[in-house]
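The block underneath contains the structure these notes are about, expressed in structure tokens.
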Amino acid sequence: MRHLLLTAALAALPSLAHAEDEDYPKLGPDAVSLTEAVDYLRASAAPDYWAFSPFTKPQFTTSACSIAAVTAAINGLNGLPEMASQTVMSQQELLEAAGDPLWAELSAEGGDGVTFAQLVTFSEMAATAAGPDGATVESWQPASTEDIDTLRAALAANEQSADDALLIYFNQGVVTGDWDGPHVSLIGAYDAEADQVLILEVDQEWYIPYWTSVPVLLDAMLKPTSAEHGVLEGETGGFVKIARPAAA
């Protein structure tokens with residue numbers, strides 16, 4: 001949900017990215033690029049990573065992180081289409097299937113982006129319109145840092161299979177050390193021993209997947225959105241789970 005605010009700021013300071021004395025590392029101390037930390041994926045089954053990472057594509061506008069994350073989740077749950085004539089569903093196609101003009105408006109270039117409640121609603125629409133038959137949607141928001149065990153339990157349960165996808169609504173800058181604002185992406189894996197979670201980032205103009213600790217992720221969910229983000233001011237995060245129906 002990286003809006004035009006940052007783009008405009010960089011345009012006004014064209015030398016920033018090239019000035020070594022003003023530039024800073026791509027990721028802050030609380031995030032590690034997947035390319036620098038591959039041991040867990042080599043040693044573990046990591047079903048979510050293999051199911052959802054192939055379908056995690058760049059958000060198609062600077063405000064479309066929610067539709068990009070939901071599309072990755074729905075495509076991952078559905079799997080690769082069986083027939084050669086079938087395409088992999090795009091973000092725009094999912095928007096059309098969901099049929100809500102507000103989601104399209106919020107996700108357009110320069111759009112406001114979504115609130116957490118809207119993410120839940122739009123996920124329900126998408127799951128009904130394009131997800132597996134009988135797909136369910138659940139949501140959860142932490143109230144304080146005391147909820148960390150609940151978060152760990154949800155991540156551990158999610159790691160057991162690719163039958164469900166966890167979307168996270170969080171303050172991206174708390175994790176990356178850069179842009180301070182609300183964002184939506186997808187959980188790719190949870191390393192319980194290291195207490196690290198892999199975020200399948202849809203903001204791919206700026207990032208690739210990265211690991212962060214569960215306490216940092218919780219802090220990113222709890223941090224309220226600042227006033228500079230207008231209608232999103234005060235929003236806090238959580239997760240939305242889209243799941244296949246339980247086997248009979």
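The values are calculated or read from the model by the stated rules, or taken from the named source; none is laboratory data. None of these values were measured; they are calculated from a predicted model. Counting neighbours? That spans all protein chains shown, and the Cβs are built from the backbone with ideal geometry, glycine included.
The criterion of at least 1 residues that are modelled with pLDDT of 95 or more, of a type in the set (Ser, Thr, Tyr) and farther than 20 Å from Asn171 by Cα is met, among helices (runs of 4 or more DSSP H) falling completely within region 70-152, by 116-130. Checking Leu155, Leu167 one by one, the residue that is part of a strand (DSSP E or B) and of a type in the set (A, V, I, L, M) is Leu167 and no other. Across region 181-237, the number of residues qualifying as farther than 22 Å from Gln91 by Cβ, in a strand (DSSP E or B) and either aromatic (Phe, Trp, Tyr) or touching a helix residue (DSSP H, G or I) at 6+ places or on another chain (Cβ under 8 Å) (or both) comes to 7. Filtered by the rule that a residue be under 18 Å from Val197 (Cα atoms) and either of a type in the set (S, T, N, Q) or surrounded by 11 or more Cβ atoms within 10 Å (Cβ to Cβ) (or both), region 140-152 gives Trp140, Gln141, Pro142, Thr145, Asp147, Ile148, Thr150, Leu151, Arg152. Is it true that some residue in region 73-90 is out of contact with any Gly (no Cβ under 6 Å at 6 or more places or on another chain), closer than 19 Å to Leu232 by Cα, touching a residue at least 24 places away in the same chain (Cβ under 8 Å) and surrounded by fewer than 19 Cβ atoms within 10 Å (Cβ to Cβ)? Within region 73-90, not a single residue is out of contact with any Gly (no Cβ under 6 Å at 6 or more places or on another chain), closer than 19 Å to Leu232 by Cα, touching a residue at least 24 places away in the same chain (Cβ under 8 Å) and surrounded by fewer than 19 Cβ atoms within 10 Å (Cβ to Cβ).
Using the structure shown, decide if Gln172 is crowded, with 22+ Cβ neighbours inside 10 Å, among the polar types (S, T, N, Q) and closer than 16 Å to Thr225 by Cβ. Give the steps one after another, and end with the answer.
Numbers: crowded, with 22+ Cβ neighbours inside 10 Å: yes; among the polar types (S, T, N, Q): yes; closer than 16 Å to Thr225 by Cβ: yes.
Yes, satisfied.
The C-beta contact set for region 17-28 (first residue modelled with pLDDT under 85, second residue polar (S, T, N, Q), distance under 8 angstrom, 6+ apart or interchain) comprises Glu22/Ser15. Annotation: Val202 fulfils all but one of (1) out of contact with any strand residue (DSSP E or B) (no Cβ under 6 Å at 6 or more places or on another chain); (2) on the phi < 0 side of the Ramachandran plot; the unmet one is (1). Among residues of region 182-204 being over 14 Å from the mean Cα position of the chain (by Cα) and among the charged types (D, E, K, R), the one that is surrounded by the most Cβ atoms within 10 Å (Cβ to Cβ) is Asp191.
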